[in-house]
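A.B. asks: Structure incoming, see below.
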Amino acid sequence: MDKHDQQAPALPEYRPPWWMDGRQQREPHFLNTGLQAFWQRLRQWLLTPLRQLDPLLCSEAMLDLLAWDRGIQRFSNEPLTLYRRRVKFAFANARDAGEAAGFKRIFERLGIGWVDIHERQAGNPWDVITIELADGELASNQQLLKVLIQHYGRTCRRYRFQVVYPRPLHLQARRFDGSYQTFGAKLG
């Protein structure tokens, strides 16, 4: 059951009159069951166009049309699930383009793991933006990152990737205390 099924009004349950209520499993009962199934099927047919407007559920032909409308082009060897997410979040990604926090949200929506963005760092030219990524993210999403920067990056900036090798760190807090006493002695 998808969101369109939840938003559409439910079909009312038809209750036949008491003399045809189906307690005896005869023809009126089967007729009522058949009619209910027919109306449920008709409801599904009527909801089909609404499903075609959802990039995560629509056919590939409709997905290409939605992508064209939103200015998204599928790059070579792009998985269909990623392409669907890029089309679905095209408007939100366009709104978030151009700022560091928005760029992080774009990466998060598209399933890229840990990302950190640094602008105007000391020792680098002012127009260089450094994007820190985990090594595995850079290797598996190289084409996607290139497309994202071309599509949503700032026009007068240069982008540089910096690879980070994250290591888990385990810290444990323990109680550490002591007591101290000082005794003074005098010689007589």
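Every read-out reported here was derived from the displayed coordinates using simple, explicitly stated rules and does not represent laboratory data. Quantities reported herein were computed from a predicted structural model and do not represent experimental measurements. Every residue, glycine among them, receives a Cβ derived from its backbone with ideal geometry; neighbour counts consider all protein chains shown.
A.B. asks: Which far-off residues, 5 or more places away or on another chain, put their amide H under 5 Å from the one on V128, with H placed in the peptide plane?
C.D. replies: HN-HN under 5 Å from V128: R120, R158.
A.B. asks: Just want to confirm a number: the relative contact order over the range 123-188, from Cα pairs under 8 angstrom separated by 6+ residues, in percent.
C.D. replies: Values: 37 pairs, mean separation 28.7, N = 66.
Relative contact order here is 43 percent.
A.B. asks: While we're here: With θ set to phi - 60°, apply the Karplus curve 6.51 cos²θ - 1.76 cosθ + 1.60 along the range 30-42 and write out the HN-Hα couplings as whole Hz, x wherever there is a Gly or Pro.
C.D. replies: 3J(HN,Hα) across the range 30-42, in whole Hz: 5, 5, 4, 4, x, 5, 4, 5, 4, 5, 5, 5, 4.
A.B. asks: How big is the charge dipole of the range 89-164 about its Cα centre, in debye rounded to the nearest 20, if each Lys and Arg gets +1 on its Cβ and each Asp and Glu gets -1 on its Cβ? All intermediate terms of the calculation are to be shown ahead of the outcome.
C.D. replies: Values: 10 positive and 9 negative charges, 55 e Å.
The dipole of the range 89-164 has a size of about 260 debye.
A.B. asks: Let me ask you something else. Search the structure for amide H atoms under 5 Å from the amide H of L56, placed 1.01 Å from N in the peptide plane, and list their residues when 5 or more places away or on another chain.
C.D. replies: none
A.B. asks: Among DSSP beta bridges whose residues both lie in the chain, state the antiparallel percentage, nearest 5.
C.D. replies: 40 percent
A.B. asks: Using Cα-Cα distances under 8 Å and only pairs 6 or more residues apart, what relative contact order does the chain have, in percent?
C.D. replies: Relative CO of the chain lands at 12 percent.
A.B. asks: Would you list D177, D54, D116 from fewest to most Cβ contacts within 10 Å?
C.D. replies: Sorted ascending by nearby Cβ count, the order is D177, D116, D54.
A.B. asks: Here is a follow-up. For Y165, Y180, which order do you get if you count the other beta carbons within 10 Å of each Cβ and list the fewest first?
C.D. replies: With the fewest neighbours first, Y165, Y180 line up as Y180, Y165.
A.B. asks: Using Cβ contacts closer than 10 Å as the measure, can you line up R157, R174, R84 from fewest to most?
C.D. replies: Exposure proxy ranking, most exposed first: R174, R157, R84.
A.B. asks: Further question: In a shell of Cβ-Cβ distance under 13 Å around A37, excluding A37 itself, what net charge do Lys and Arg (+1) and Asp and Glu (-1) give? Please report the intermediate quantities before stating the final value.
C.D. replies: Values: positive: R41, R43; negative: E13.
Cβ neighbours under 13 Å give a net charge of +1.
A.B. asks: Follow-up question, since we're still on this one. On a full-extension model of 0.36 nm per residue, what is the gain between F161 and E60, subtracting their alpha-carbon distance, rounded to one decimal in nm?
C.D. replies: Full extension of this stretch gives 33.1 nm more.
A.B. asks: Right, another one. Might you report the magnitude of the Cβ-based charge dipole of the chain about its Cα centre, with Lys and Arg at +1 and Asp and Glu at -1, to the nearest 20 debye?
C.D. replies: The dipole of the chain has a size of about 380 debye.
A.B. asks: Let me ask something else. Using the charge dipole of the chain (Lys, Arg: +1 at Cβ; Asp, Glu: -1 at Cβ; taken about the Cα centre), state which of S179, N141, T81 has its Cα farthest towards the positive end.
C.D. replies: Projecting each Cα onto the dipole axis, the largest value belongs to S179.
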